[in-house]
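Report on the following structure.
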Amino acid sequence: MAIKLGIIGFGGMGKWHAKNTPRAGVEVAAVCDITEERWKDAETEGYKLYKSADALLSDPNINTVVLTVPNYLHKEMCLKAAAAGKHVITEKPAAMSVAELDEMEAACKKAGVFFTVHQNRRWDKDMLIIKKAYDDGLLGRIFTIESKLHSGNGYMHEWHIYKKYGGGMIYDWGVHLIDQILFMMPGVTITSLYADVKSVLHQEVDDYFKIIMKMSNGITVHIELSTYILEYQPRWLAAGDKGTMIVKSFRCDGNIYRTGQMLEKLPPQITETVAGPTRQFAPIPPGGIVTEALPEVLSDWVDFYKNVNAVLEGREESKIKISEVRRVLGVMEAVWKSAETGQAVLLE
Ligand SMILES: NC(=O)c1ccc[n+]([C@@H]2O[C@H](COP(=O)([O-])OP(=O)(O)OC[C@H]3O[C@@H](n4cnc5c(N)ncnc54)[C@H](O)[C@@H]3O)[C@@H](O)[C@H]2O)c1
């Protein structure tokens, strides 16, 4: 069944879906928005335009909609779309809470339409490289993974700075960063979680968070995001007992680092360093560390849509299951609870 897509909300992400989904065989049937500026954009770019979601939903040529409106509207639009008999793809975060998601899922089930969420960052190559290290044991037994996203751009914009519209970085990026970790480690549970959440530059919404998750496989996961850390740390670090992997950025630059024979050849004597005498923390002798290239991974964000199409044709299972989305929203709620109480939360 070819997807005939209606895009509800023709802002930044609405335009992304319009531009990129045809590569996956999707027909962009129409778009809608409520602002004059976006109406002009749609006309200039040659899309069939509706000026309200209700009008778009009454178009019988559309079988699927993607919700690219601000977060607080996802539930309302999903319920309307399901009632109109359209399959629903919502942008992330799917909902503002687990309770909202449950309502959305129930409405889609009742209407007999497919419901999924555009968790596109499961197709990010930087994350898939770390996942490959995890899956293939490239670093031996991994003991820690750090997922960090730092920006110097500081201020967020428009609806993102207001709570009532679903603003803040936990909704915006936390949802991806948590989802990536849970996707990376299927079958693994979160034993406990501690989080710190701050508003550094903004009044209402969070723009910094640090989440520490102790996983049932023994790995400690650190997730950190800031809109105002000016010297970026690597996007990813994974360390195991056979090496360390650094993926510096979304460009997938980085290396695997291993200690040649250094473990056998540690100098027996105490070494004098600028930090004082030490064995463990002395500089590693020249040649003690060898570097390897990162493995290559192939991935394309529009494979999300190829999967939706295959689900609608009964050929594949959905790659983004609502049970997984629900789990991530539950973890986000635990993040807020831990930040509020200052206590670790025993989770799963
Ligand atoms: N998956 C990703 O990589 C990714 C990236 C960016 C944004 N997003 C998500 O996409 C969604 C939209 O974000 P954005 O950055 O495109 O925001 P945006 O502000 O650029 O666009 C939102 C659009 O929705 C329109 N809109 C508002 N109310 C409407 C209504 N009642 N009916 C129709 N249109 C309406 C606005 O006029 C605006 O054009 C958010 O949920 C966001 O979290 C996802």
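The values are calculated or read from the model by the stated rules, or taken from the named source; none is laboratory data. Computed from a predicted model, the values in this text were never measured in an experiment. Cβ placement follows ideal geometry from the backbone for every residue including glycine, while neighbour counts extend to all protein chains displayed.
Odds and ends about this structure:
- Any pair with Cβ under 7 angstrom, 6 or more apart, that starts in the range 11-30 at a residue that is within 13 Å of the ligand (Cβ to nearest atom) and ends at one that is of a type in the set (Lys, Arg): 11/38; 30/48
- Residue check for residue 2: away from the ligand (no atom under 15 Å from the Cβ), over 21 Å from the mean Cα position of the chain (by Cα) and without any contact (Cβ under 8 Å) to a residue 60 or more places away in the chain: no
- For residue 7, the conditions (1) buried (at least 17 other Cβ atoms within 10 Å of the Cβ); (2) part of a helix (DSSP H, G or I); (3) within 11 Å of the ligand (Cβ to nearest atom) all hold with the exception of (2).
- Subset of the range 58-72 that is surrounded by fewer than 21 Cβ atoms within 10 Å (Cβ to Cβ) and not aromatic (Phe, Trp, Tyr) - its residue that is nearest to the ligand (Cβ to nearest atom): 70
- For the range 13-35, filtering for residues that are charged (D, E, K, R), crowded, with 17+ Cβ neighbours inside 10 Å and outside any loop (DSSP other than H, G, I, E, B) leaves 1.
- Residues within the range 175-208 that are under 23 Å from residue 154 (Cα atoms) and away from the ligand (no atom under 16 Å from the Cβ), tallied: 11
- Residue check for residue 162: within 16 Å of the ligand (Cβ to nearest atom) and either touching a Pro at 6+ places or on another chain (Cβ under 8 Å) or not hydrophobic (A, V, I, L, M, F, W, C) (or both): yes
- Within the range 82-103, the set of residues being within 18 Å of residue 33 (Cα to Cα), within 12 Å of the ligand (Cβ to nearest atom) and either aliphatic (A, V, I, L, M) or surrounded by fewer than 22 Cβ atoms within 10 Å (Cβ to Cβ) (or both) comprises just one member, 89.
- Candidate set from the range 261-290 (those that are polar (S, T, N, Q) and loosely packed, with under 12 Cβ neighbours inside 10 Å); member that is modelled with the lowest pLDDT: 261
- Test: residue 106 is more than 10 Å from the ligand (Cβ to nearest atom), of a type outside the set (Val, Ile, Thr) and surrounded by fewer than 18 Cβ atoms within 10 Å (Cβ to Cβ): yes
- Here residue 167 meets each of (1) assigned to a helix (DSSP H, G or I); (2) assigned by TED's automatic domain parsing to the domain that holds residue 226; (3) in contact with a helix residue (DSSP H, G or I) (Cβ under 7 Å, 6 or more places away or on another chain) with one exception, condition (1).
- Any chance residue 153 is within 16 Å of the ligand (Cβ to nearest atom), over 24 Å from residue 325 (Cβ atoms) and either assigned to a loop (DSSP other than H, G, I, E, B) or not polar (S, T, N, Q) (or both): yes
- If the condition is being among the β-branched types (Val, Ile, Thr) and either free of Cβ contacts under 8 Å to residues at least 24 places away in the same chain or under 30 Å from residue 161 (Cα atoms) (or both), then the range 212-242 contributes 212, 221, 223, 227, 229.
- Selection within the range 196-211 - without any contact (Cβ under 8 Å) to a residue 40 or more places away in the chain and in a strand (DSSP E or B): 198, 208, 210
- The residue list 138, 177 contains one member that is free of Cβ contacts under 8 Å to residues at least 60 places away in the same chain and within 21 Å of residue 248 (Cβ to Cβ), which is 177.
- Scanning the range 38-57 for residues that are within 10 Å of the ligand (Cβ to nearest atom), part of a loop (DSSP other than H, G, I, E, B) and of a type in the set (Lys, Arg) turns up just one, 51.
- Cross-chain or 6+ apart pairs with Cβ under 7 Å, the range 112-128 first and more than 15 Å from the ligand (Cβ to nearest atom), then among the charged types (D, E, K, R) and in a helix (DSSP H, G or I): 115/105
- As a summary of the residue check, residue 161 satisfies the conditions (1) in the same structural domain as residue 224 (by TED's automatic domain parsing); (2) among the β-branched types (Val, Ile, Thr); (3) over 18 Å from the mean Cα position of the chain (by Cα); (4) modelled with pLDDT of 95 or more except for the one numbered (4).
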